[in-house]
Each structure stands twice: as C-alpha cells, then as structure tokens.
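Visitor: What follows is a single structure, and I will ask about it in a moment.
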Amino acid sequence: MLYPVVSRTRRIFDICGIWKFKFDPEGKGLSENWHSGLKDTVPMVVPASFNDFFTDKYSREYTGDFWYETDFIVPEEWKGKNVAVRFDAATHRAEVYVNGVFITKHEGGFLPFTANINDAVKWNEKNKIVVHMNNELSYETLPAGTTKVLKNGVKMSKPFFDFFNYSGLQRPVRLIATPKEGICSYSLVHRIDGSTAFTDYEIKAGSGDLEVTLLDDDGNTAAEGSGASGTLEIKNAKLWEVLNPYLYTLRIRLKSGAEIIDEYSEAVGIRTIEVKGTDILVNGKPVYLKGFGKHEESALYGRGYNPAAIKRDFELMKWIGANSFRTAHYPYSEEILQMADREGFLVIDEVAAVGFFESIMNFLEASSKKTTGFFTRSEVQTKTKENHKAALKELIERDKNHACVIAWSLMNEPETTNEAAVPYFKEIFDYAAELDPQKRPRTFALIMNSTPDKCFCYQFADIICLNRYYGWYHMGGYEITDAKEDFIAEMNAWKEKNLNKPFIFSEFGADTMPGLHKLPSVMWSEEYQREYLKMQFDVFDAYDFVKGEQVWNFADFQTTEGIMRVDGNKKGIFTRDRQPKEAAYMFKERWEALPREYKS
Ligand code: CKU
C-alpha cells in the first residue's frame, strides 16, 4: 500500500471534486441497478463527510446505504500500465463499480484500498465510477456501536464512542497508473552506531534488478544498495530527531539492464524507537511526551481531509510546546503523518478499535462499576476480531515506514475487566508485533475502570496509556480534593506493581465553554479547567514512571447530541475553529519549561 507518487514511471489522476450523491434508505439501489448509474442525485464534495453540508437533520444524521458517482477519462497512454483506483478512505464500507462492473469492496472507514480497473475501463472515453456505501455501526465494526430504527422507520447511529459518526468519501480518490510489475512495497529498520546509521531494507517488487539510493536534501547520494533486501550504511547520518527532523529521500529503482521499469521515491527519516525500563527512547535518548489526543475533524468538512486544518493544527502544536499526539480514535490521513514526519512530531498511531465497551455514554459510565461483557460476545471473538486484524494489517502496512510513528495503539478503552478479553488481546498484540518490521512499542488506552486491581490486560502494553478523569467524570468541582486523593491512591497502586514500564496519560481533560468565566470557579468555566489541570500536573509530576501527558482534546469536536454535550465535546485546549482557551497558555508555559528528557 504505497502512498501514490508521480515519478518517471508512475502517474496520478486526481478524481476529487463535485460528485453525484444519493441516499438509499430502503437499500434498493442494487436491485434497481443504481451501480450502473445514479438518477435524481444531489451534488456532493469529495473528499468530505457528507453530514454537515445539509440544512435538514435527516440528512445530517443519515444512517444506512448511500451512493456516490463521478465520471473520469483514462488516457490511452496508460494502456500498458496497471491502472487502479485508490480510495484513501471510505467510511465505513464501500463497494466500487466501474461502468457497472463490480470492482472491489472494503470494510473499515479509515484506511486506504486500491483496486485494478484495467478490464473495466474504456480508454480515452468517459467512464463511470459508482460507489455503494454504508455507515451503520454494529458490535462487529471498527468503531463499534449499534443502529437504532426509530418508530417512523428511520435509522440512526448509536455509537459506543464519543465522536460524531461522520461518513462518506472523506479522503481523496485517485486513479493511479503504475508499471504492470513494478515496486509493490518496502520496509525499513534503522540502527545507529555512533555517527553511522544502518538501515536494513526489504522490497517487494516484480522481477528485475533493484537499486536503492538514499539522497540527502541537496540531492547527493548518502548511501546505496542493490537487491530486494540489504543494508544502507549512512556515514555521518543526520537523524530524524524530535522537533528537529531530517528527511532523506529514499529512491527505489526496478531495472532491466539500463531500462528503468519502475521508480518510487519517498521522504524517510532515520531514527530508532525503543522502550527501556520506564523510558521511551528516540535515538537512544529519553523523551517525555507532551501533546494531545486529537480528532481529525473540522467545521463543514467533518472528518474530511482538510489540509488547511492540518497546517493550522501543527502550527498550534508547535506554538504550545507539544511534541506528540495520538491519532484518537482511528488512523488519520497519510498527509497528517507526512506533516508529522516533516515537523518532528511523535505519533501514537491508533486503529479504530473504539467502543469496545457497550455504552453510548461510556465516557460517563467508565468510572462506575458497570460491566457489559463486550468480549464475551461470540461475534466479538469472531467477526470483530477478524475486522480488527484486517484493519491492523492495513494500518501497519500503510504507516510502518513513517519516522513519526513511535507506537501502535491497538484499542481505545476496551472493557478489560472480564477475562474473556485476555485471549483477544493476546492475539491482537502478537499480530501487531508480527506485522511491524520495526517492532514498535504497542499500547492501548485504559478506560477509567481498568484499574490495577481490575484490569486483566495491562500486561500486554509496552507503554501503559491511562485515560483518567479524576476531577471531571469522577468527583468534579468542589469535590476535586477527594478526586485527587483517589487519583493518588490509584497511582500508588500502579507504583506498587512495579511494572518497570513507561506510563503516559493518554487522556485527561475538563469540558470548558470558551469565554465562560466564574470567580470562584464552577465546572465548565475557564477557571475550573485551569484548576483541574493544575491538580493533574501535581499528580503527574509526583511519579517518576509517568513519561508523558496528552491532554484530551486538542480542540473541541463534534459528537452525537445528548445531555452531556453542548454542540459537541468541549474539552479542547483550542476551540473548534482553532483559537486558544485560557488553558492553552498554561500548557505553553509548562511544556516550554519541561526538558525533553524530563524525569529521566
Ligand atoms: C472522552 C471513558 C472516557 C473515555 N474518553 C474517550 C473519548 O473519546 C471521549 O471523548 C473520554 C470524553 O471527553 O468523555
């Protein structure tokens, strides 16, 4: 699953823009031959979530089948090539037809898929691509939830997670022409010895001679190799460092004699990542994580690819002194990881295994004693696990070469208080290790009730990521002093376990209405957000094994409407339009003062 690039042998044709769009609430499209062409459509932006464009609630909340269509021309010159269509994401599932011919289908809304269309296209003529999609949630889907049918027959999404079920063709769609038997994939593993770096590479490609060149940013050759696997030796290597990244260009050529059959180039950073005792080491040096749990979303676009939002978010993260984020709660656009590579950010890359605790308000119920037996369900142990493994494979295949990716988050807040979770975890964690050539640390985010005495699964994590809301969901407001004591009690219990692993706070936060001031504070005021954060910092700073803090959330974001949300989740340190709340200045002061190797 190489990222599409243009080279002397490769072409891209962007087919984004305004497509035709249509809901199919009765699911009759296939039987009525809609896959050959849609009638009575509305225009729709691709890429974007369809939801927030509409002014009627039925359309925004729409759950069920829906269809997209556009036309494209395939140049005759591409005839001898492998012509494919690449969807960077289709949320949550799609079946693709070209000129009425079934091409492929894909489950899971946040990872790319490609399919060859050579046999279905007409050269130099108009071709029609129709995509049959569906966005319903179930126990088997990543993310998990249910679909309710209202008394009037209309379906609605009931997510077991706290973000709006944005749907549609949310990322770019491109036609790609590559050589028939070209370069398929590559992977890199780095080692550093003094000033020399060694990069072991492995390439999958059609037959021919492989030539590998690492170019520095002046275009000079820094190292060379040949063959499908080997080692590049880079003398005086310039490393990819936290907030100070250096990127080389890796160029792979597949040749037959002097003829270049295929050429693929990509920016790559050289760095090592390792967990040692309670430290997270990048290039052998400890790093304390400062940053955010994010969402990929913005006004109007929903979860749609929005390069302006990506740019602004990185500027804000640099301004505030952050060095990292988690792709909560699903894999983000590849362009975000490319930007993280360029800016030197550390990314915990999460698969969309969220909602594995059956509750539409699990954020509230997590600190209660509620159990739902999610992992005791037979479909979870079969279908969900299959979908989970497939998504993990696609994620690691897609992201394994990014320097910015320092860990895999394999689940967010699963219900770990039942032993039925254990074999499921084992299989998923083993599978991640098997898939990743760099053997990055694996983690999952522990929900509030996954406490040291109740959680059956923390031992699987190489980094313990805690989502904790002491002083918000648990004893908020004037009770915060008791919340602090309970927080300390939990941390002492972890300490006693002597796990000798790094801990990160992967979530903590307090909903705050921007501009709401109250002296003395009340919950939801800017003052309370600061008091709450001050209490968190006191606790974090008291434990040496805490090696990072990623506040929930970077920005306010949209959720399902409900009694706990005011037009979405307001735990942002920035507003949804990316302006700072007061707490942002508090983080800026703290994070700018904390050294990279804090507590090591
Ligand atoms: C956040 C149990 C709490 C989990 N956490 C998940 C995240 O997706 C939510 O948005 C809580 C919150 O703000 O409630």
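Visitor: Spot the failing condition for F374; the list is (1) aromatic (F, W, Y); (2) within 16 Å of the ligand (Cβ to nearest atom); (3) within 25 Å of G284 (Cα to Cα), and only one is missed.
Guide: So the condition that F374 fails would be (3).
Visitor: What number of residues within region 460-478 are touching a residue at least 40 places away in the same chain (Cβ under 8 Å) and surrounded by fewer than 22 Cβ atoms within 10 Å (Cβ to Cβ)?
Guide: The initial filter retains those residues of region 460-478 that are touching a residue at least 40 places away in the same chain (Cβ under 8 Å), namely 461-474, 476-477.
With surrounded by fewer than 22 Cβ atoms within 10 Å (Cβ to Cβ) added as a condition, the list becomes 462, 466, 473-474, 476-477.
Here the count works out to 6.
Visitor: Among the residues of region 162-188, count how many are surrounded by 17 or more Cβ atoms within 10 Å (Cβ to Cβ) and either in a strand (DSSP E or B) or basic (K, R) (or both).
Guide: Of the residues in that region, 12 qualify.
This table checks each residue for (1) modelled with pLDDT under 95; (2) in contact with a strand residue (DSSP E or B) (Cβ under 6 Å, 6 or more places away or on another chain); (3) within 16 Å of the ligand (Cβ to nearest atom); (4) of a type outside the set (F, W, Y).
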residue	(1), (2), (3), (4)
E419	yes, no, no, yes
T443	no, yes, yes, yes
E490	no, no, yes, yes
L499	no, no, no, yes
G509	no, yes, yes, yes
H517	no, no, no, yes
S525	no, no, no, yes
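Visitor: Further question: Which members of region 358-378 meet the condition of being in a helix (DSSP H, G or I) and among the acidic types (D, E)?
Guide: E365
Visitor: Cβ contacts < 8 Å: first residue more than 22 Å from W319 (Cβ to Cβ), restricted to region 280-297; second residue small (G, A, S), any location; separation 6+ or different chain. Result?
Guide: Sorted first by the residue in region 280-297, then by its partner, the pairs are I280/G548; P286/S600.
Visitor: I'm trying to understand the selection: among the residues of region 459-482, which are more than 11 Å from the ligand (Cβ to nearest atom) and in a loop (DSSP other than H, G, I, E, B)?
Guide: A461, D462, I463, G471, M475, G476
Visitor: While we're here: I'd like to verify a number: residues in region 527-562 that are part of a helix (DSSP H, G or I) and under 28 Å from Y166 (Cβ atoms), how many?
Guide: Residues of region 527-562 part of a helix (DSSP H, G or I): 527-541.
Narrowing the set further to residues that are under 28 Å from Y166 (Cβ atoms) leaves 529.
Selection size over region 527-562: 1.
Visitor: Which ones in region 39-63 are within 20 Å of F87 (Cα to Cα) and surrounded by 13 or more Cβ atoms within 10 Å (Cβ to Cβ)?
Guide: Once the filter is applied, which keeps residues that are within 20 Å of F87 (Cα to Cα) and surrounded by 13 or more Cβ atoms within 10 Å (Cβ to Cβ), region 39-63 yields M44, V45, V46, P47, A48, S49, F50, N51.
Visitor: Restricting the search to region 283-299, which residues are of a type outside the set (F, W, Y) and either within 16 Å of the ligand (Cβ to nearest atom) or over 21 Å from the mean Cα position of the chain (by Cα) (or both)?
Guide: N283, G284, K285, P286, V287, G291, G293, K294, H295, E296, E297
Residue-by-condition table, conditions (1) outside the structural domain of R303 (by TED's automatic domain parsing); (2) among the acidic types (D, E); (3) closer than 12 Å to K22 by Cβ:
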{"site": "V42", "(1), (2), (3)": "yes, no, yes"}
{"site": "V46", "(1), (2), (3)": "yes, no, no"}
{"site": "N51", "(1), (2), (3)": "yes, no, no"}
{"site": "D65", "(1), (2), (3)": "yes, yes, yes"}
{"site": "E77", "(1), (2), (3)": "yes, yes, no"}
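Visitor: In this structure, does G302 turn out to be surrounded by 24 or more Cβ atoms within 10 Å (Cβ to Cβ), within 12 Å of the ligand (Cβ to nearest atom) and closer than 23 Å to A48 by Cα?
Guide: no
Visitor: Would you say A403 is more than 16 Å from the ligand (Cβ to nearest atom), closer than 21 Å to F345 by Cβ and part of a loop (DSSP other than H, G, I, E, B)?
Guide: Yes; evaluated as a whole, the condition is true for this residue.
Visitor: Quick one: how many residues across region 154-191 are more than 16 Å from the ligand (Cβ to nearest atom) and either of a type in the set (S, T, N, Q) or closer than 30 Å to F363 by Cβ (or both)?
Guide: The number of residues fulfilling the criteria is 11.
Visitor: Within region 437-458, can you find the residues that are part of a loop (DSSP other than H, G, I, E, B) and among the aliphatic types (A, V, I, L, M)?
Guide: Across region 437-458, the qualifying residues are I447, M448.
Visitor: The conditions are (1) more than 16 Å from the ligand (Cβ to nearest atom); (2) part of a strand (DSSP E or B), and E136 fails exactly one of them. Which is it?
Guide: Looking at each condition in turn, E136 falls short on (2).
Visitor: Which members of region 331-357 meet the condition of being on the phi < 0 side of the Ramachandran plot and either part of a strand (DSSP E or B) or within 13 Å of the ligand (Cβ to nearest atom) (or both)?
Guide: Correct list: L346, V347, I348, D349, E350, A352, A353, V354, F356, F357.
Visitor: Further, regarding this structure: I'd like the residue in region 559-573 that is closer than 20 Å to S49 by Cβ and surrounded by 14 or more Cβ atoms within 10 Å (Cβ to Cβ) and, out of all such residues, is nearest to the ligand (Cβ to nearest atom).
Guide: Residues of region 559-573 closer than 20 Å to S49 by Cβ: 559-562, 565, 567-569, 572.
Subset that is surrounded by 14 or more Cβ atoms within 10 Å (Cβ to Cβ): 559-560, 565, 568-569, 572.
Values: T559: 7, T560: 11, R565: 9, G568: 10, N569: 5, G572: 10 Å.
Only one residue tops the list, namely N569.
Visitor: Of these, D193, D162, which one is more than 29 Å from P47 (Cβ to Cβ) and charged (D, E, K, R)?
Guide: On the way: D162 fails: more than 29 Å from P47 (Cβ to Cβ).
D193 is the lone residue from the list that is more than 29 Å from P47 (Cβ to Cβ) and charged (D, E, K, R).
Visitor: Take region 315-330 and flag every residue that is away from the ligand (no atom under 15 Å from the Cβ) and among the hydrophobic types (A, V, I, L, M, F, W, C).
Guide: The answer is L316, M317, W319, I320, A322.
Visitor: Tell me the residue from S49, S31 that is of a type in the set (S, T, Y) and more than 23 Å from N127 (Cα to Cα), please.
Guide: Checking each option against the conditions leaves just S49.
Visitor: Let me ask something additional. Given the criterion in the same structural domain as T451 (by TED's automatic domain parsing), under 22 Å from the mean Cα position of the chain (by Cα), modelled with pLDDT of 95 or more and surrounded by fewer than 17 Cβ atoms within 10 Å (Cβ to Cβ), identify the matching residue among D544, D577, D556.
Guide: D577
Visitor: Is it true that some residue in region 380-398 is surrounded by fewer than 22 Cβ atoms within 10 Å (Cβ to Cβ) and part of a loop (DSSP other than H, G, I, E, B)?
Guide: Within region 380-398, none of the residues are surrounded by fewer than 22 Cβ atoms within 10 Å (Cβ to Cβ) and part of a loop (DSSP other than H, G, I, E, B).
Visitor: Being among the polar types (S, T, N, Q) and crowded, with 19+ Cβ neighbours inside 10 Å is the filter here; which residues of region 273-299 pass it?
Guide: Listed by number, the residues that qualify are T278, S298.
The values are calculated or read from the model by the stated rules, or taken from the named source; none is laboratory data. Keep in mind the model is a prediction, meaning the values are calculated, not measured. Positions of Cβ are generated from backbone atoms using ideal geometry, with glycine treated the same way; all protein chains shown enter the neighbour counts.
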